[in-house]
Amino acid sequence: MANSVTAAKATRGINKTIIYIVCIGLAVLSILPFWIMFVNATRSTAEIQSGLSLLPSTHLKTNWDVLTSKSFDPLKGFLNSFIISASSTALSVYFSALTAYGLVVYNWKWRQAFFTFILCVMLIPTQASAIGFYKFMYQLHLNNSFLPLILPAIAAPAMVFFMRQYLLSTLSLEIVEASRIDGSGEFATFNRIILPLMTPALATQAIFAFVASWNNLFMPLILLTDKSKYTLPIMVSLLRGDIYKTEFGSIYMGLALTALPLFVIYFLLSRYIIAGVALGGVKE
Amino acid sequence: MRRKGTINYAKYGYIFSIPFVLVFLVFALYPTLYTAFIGFTDMKGVIPKPVHILDNPFQNFKELIFDNASFRQSLSNTFILWITNFIPQIALALLLTAWFTNQRLNIKGQGMFKVLLYMPNIITASTIAVLFSTLFAFPMGPVNSLFDALGWSDAPIQFLQQKNTARGIVSFIQFWMWYGNTMIILIAGVMGINPALFEAAAIDGASGFQTFFRVTLPSLRTIMLFTLITSMVGGLQMFDIPQLFITPAGGPDNATLTTSVFIYGQAFKGAYMYNKAAAASMIMFVIAAALAALMFYLMRDRSEGQLRKKLRAQKKAAKAAARGM
């Protein structure tokens, strides 16, 4: 009896060792490509060509100079990406909260129909309307403008869905009633009382909206043809072209620069991001 | 007359929804209808010309489906790339979920593992595409250096020139970017299962395997279905990785040409065939809509129905009260 218990313990020990090895292996697999990217950003092309190394070298400055001497302007790209992502995030978070509030607090005739409609349009792929969208913006002379990349964020069905769930589970209508008695207008109630209460949901959704907009390639690639308007993901595609063909050091440098802000955001906010991902799947 | 003092708040429901509806109509609905319209026309070329509806309105669709080998190839590629990354992705995610949620195993450092395994998902896909294409560079990319150092290959390998290798790498990148995401969703799903079920299984002497296959998996059905459909709709739009991983996009020999890459290539390269691209978009739209409809049909949850019932009961009560007054 005692023997079988120790045997079971031993097997569990072996199993656990295997599990840890697999998990550590997967973690290394997650880190390694990025590690090589950051390390190679500091190595000269000759060093990169001569073999793999996991330790940084001293050519950071040279790579930066080569990178920026051609058509690659990372600061400009960073700024463009930031303007688009920050404004679209602000708009989508605010207006989604407003729409969700309208859906939860007021009892209007079309409420249920409107919510069903939001559910229906949630899964429509952007590519499905891209050609019409491009042509329409072209007719309005809004290609090479940031507006077509920012304004559509006001209608974010998935985010409205999420915020509605959040309000349904946390908001007590008594707060709304109380502020009405205090003479607060409906709009003021939303802005001054409800929005601050929604901070956790707003923050989670803001992170995801920002990252999604920051990483978006398809729409900016279609709309922005003027080089000074390029976002970082489009700039990345320049690194594939002929201009950097043999300058591997600066290619890695360019890649590292585009990824760096996301690594910073991720490691600062990973706890909330993981919690947010988990929440996204549990829609019950 | 009670009405006098009360304010009708219902109108605010409409007012607060106006921005959403307006923006949706202008930036989503109209472009979608316009895309559908373009699909029936002869619109092509960079210089705007008068546009005519084709004599046979469905000609673009017909040509795409019956005469265009690259379009059909792009559909099958999209499916191949999706299925070859989804199956290993869900399998690994389930395995990790089983490990991480097993109380008896009590795996340490789960928080850190989750953070690291999810990490590739948050980094720009374009950056990852170009990074991998540089890592697999010929003749002296890091992967070739590694293979050489380990003695796995005698000569440098042209990874990106072989159809199946190129496809395999694209599908690996997708897998690598998404399995962490799926895992976190599944773990959250397991956390949501009633603990009494696990206790009952433990009391009945179920082994880890039995508990997982008989209790955990059946309870995860809804969430796995959700993951499946969202992954399908997402996979249908696969663009960044195949667009930037190999130049020219879709190569070698159309092996990684996905539907989105096809649409982009038709509309914004070569002959600027907006009509063909629009028709292809509409075909994609129909597939996505069918998938979404399937999901809503399969997932129509009881709570929604109950809510509606409750509302109806409320309305009835309100009406009865009104009549009573």
### Query
Once the whole set of protein chains is in place, how much accessible area is left on B:LYS11, using a 1.4 Å probe, in Å² to the nearest 10?
110
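Taking 0.36 nm per residue of separation and subtracting the Cα-Cα distance, what length does fully extending A:ALA8 through A:LYS245 add?
Numbers: separation 237, 0.36 × 237 = 85.32 nm, distance 5.76 nm.
Once the chain is fully extended between A:ALA8 and A:LYS245, it gains 79.6 nm.
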### Query
So which DSSP H runs in chain B come out at 30 Å plus along the axis (Cα) with average Kyte-Doolittle of at least -1.0?
B:69-100, B:163-191, B:274-299
### Query
Which value, in debye to the nearest 20, gives the size of the charge dipole of chain A about its Cα centre, when Lys and Arg are +1 and Asp and Glu are -1 at the Cβ?
440
### Rounded to the nearest 20 debye, dipole of the protein assembly as shown from Cβ charges on Lys, Arg, Asp, Glu
2320
### Summary
Averaged over the residues of A:149-157, the number of partner chain Cβ atoms within 10 Å of each residue's own Cβ comes to 4
### Query
Roughly how many debye, to the nearest 20, is the charge dipole of the range B:70-324 about its Cα centre, given +1 on each Lys and Arg Cβ, -1 on each Asp and Glu Cβ, and no other charges?
1740
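Over both sides of the B-A contact, add up the buried accessible area with a 1.4 Å probe and give it to the nearest 100 Å². Spell out each step's value before the answer.
On the way: alone 20890 and 17240 Å², together 29380 Å².
Counting both chains, the buried surface is close to 8800 Å².
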### Message
Ordering A:ARG111, B:ARG214 by accessible area with a probe of 1.4 Å, largest first, what comes out?
### Response
B:ARG214, A:ARG111
### Summary
Here the relative contact order (percent) of chain A, from C-alpha pairs under 8 Å and at least 6 apart, is 31
### Summary
Rg (one decimal) and Dmax (whole number) from the Cα set of the range A:154-284, in Å, equal 20.8, 71
### Query
Hey, if we sort B:TYR14, A:TYR20, A:TYR134 by accessible area with the 1.4 Å probe, largest down, what's the order?
B:TYR14, A:TYR20, A:TYR134
### Message
Can you give me the solvent accessible area of A:PHE78 with a 1.4 Å probe, rounded to the nearest 10 Å²?
### Response
80
#### Entry: Filter on A:LYS9/B:LYS114; A:LYS229/B:LYS44; A:LYS245/B:LYS49; A:LYS227/B:LYS114 - keep pairs with C-alpha separation over 32 Å
A:LYS245/B:LYS49; A:LYS227/B:LYS114
### Among A:SER129, A:ASN191, A:LEU151 - extreme Cα towards positive end, dipole of the range A:73-238, charges at beta-carbon
A:SER129
### Query
Membrane-span-like helices in chain A: DSSP H runs reaching 27 Å or more (Cα, own axis), mean Kyte hydropathy at least 0.0?
A:2-40, A:74-105, A:248-281
### Task
Can you give me the P(r) profile for the range A:127-223? Cα pairs, bins 5 angstrom wide beginning at 0, each as a whole percent.
2, 10, 16, 17, 13, 11, 10, 9, 6, 3, 0
### Query
Protein chains only, probe 1.4 Å: how do A:CYS23, A:CYS120 rank by accessible area, largest first?
A:CYS120, A:CYS23
### Message
If you average 1/r across every pair of different Cα atoms in chain A and take the reciprocal, what Kirkwood value do you get, in Å?
### Response
22.8
### Message
Going by Cα centres, the range B:52-85 and the range A:1-56 are how many Å apart?
### Response
43
### Query
Quick one: if the Förster radius is 51 Å, what FRET efficiency do A:ASP226 and B:GLN110 give, using the C-beta to C-beta distance and rounding to 0.05?
0.60
## Note on the structure
Using a 1.4 Å probe on heavy atoms of the protein chains only, the accessible area for B:HIS52 in Å², nearest 10, reads 100
### Query
Can you list the chymotrypsin sites (Phe, Trp or Tyr not before Pro) in the range B:94-167 that are in a DSSP coil and have 13 or fewer other beta carbons within 10 angstrom?
B:TRP152
### Query
Which one of A:LEU140, A:ALA278, A:PHE208 has its Cα pushed farthest toward the positive end of the charge dipole of the range A:129-284, where Lys and Arg give +1 and Asp and Glu give -1 at the Cβ?
A:LEU140
## Note on the structure
Fraction of alpha-carbon pairs in the range B:24-92 farther than 18 Å apart, rounded to whole percent, equals 62
### Query
Which FRET efficiency value, to the nearest 0.05, do you get for B:ALA271 and A:PHE38 by plugging their Cβ-Cβ distance into 1/(1 + (r/R0)^6) with R0 = 41 Å?
0.50
## Note on the structure
Under the 7 Å Cα-to-Cβ spin-label approximation, A:ALA212 and B:ALA289 lie apart by a distance in nanometres of 2.1
### Task
Only Cα pairs under 8 Å and at least 6 apart count here; give the relative contact order of the range A:2-65 as a rounded whole percent.
26
### Message
I'd like to know which of B:VAL286, B:PRO19, B:VAL46 lies farthest towards the positive end of the charge dipole of chain B, counting +1 on Cβ of Lys and Arg and -1 on Cβ of Asp and Glu.
### Response
B:PRO19
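Evaluate the relative contact order of chain B (contact order divided by residue number), counting alpha-carbon pairs under 8 angstrom at least 6 apart; express in whole percent.
Computed over chain B, the figure is 26 percent.
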#### Entry: Efficiency of FRET between A:ILE83 and A:ALA188 - r from beta-carbon atoms, R0 30 angstrom, step 0.05
0.50
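The values are calculated or read from the model by the stated rules, or taken from the named source; none is laboratory data. Quick caveat, the model's predicted, so the values are computed rather than measured. Methodologically, a virtual Cβ is constructed for each residue, glycine included, from the backbone with ideal geometry; neighbour enumeration extends over all protein chains shown. Protein only, heavy atoms only, side chains kept; ligands, DNA and RNA dropped before computing areas. Shrake-Rupley method; radii C 1.70, N 1.55, O 1.52, S 1.80 Å.
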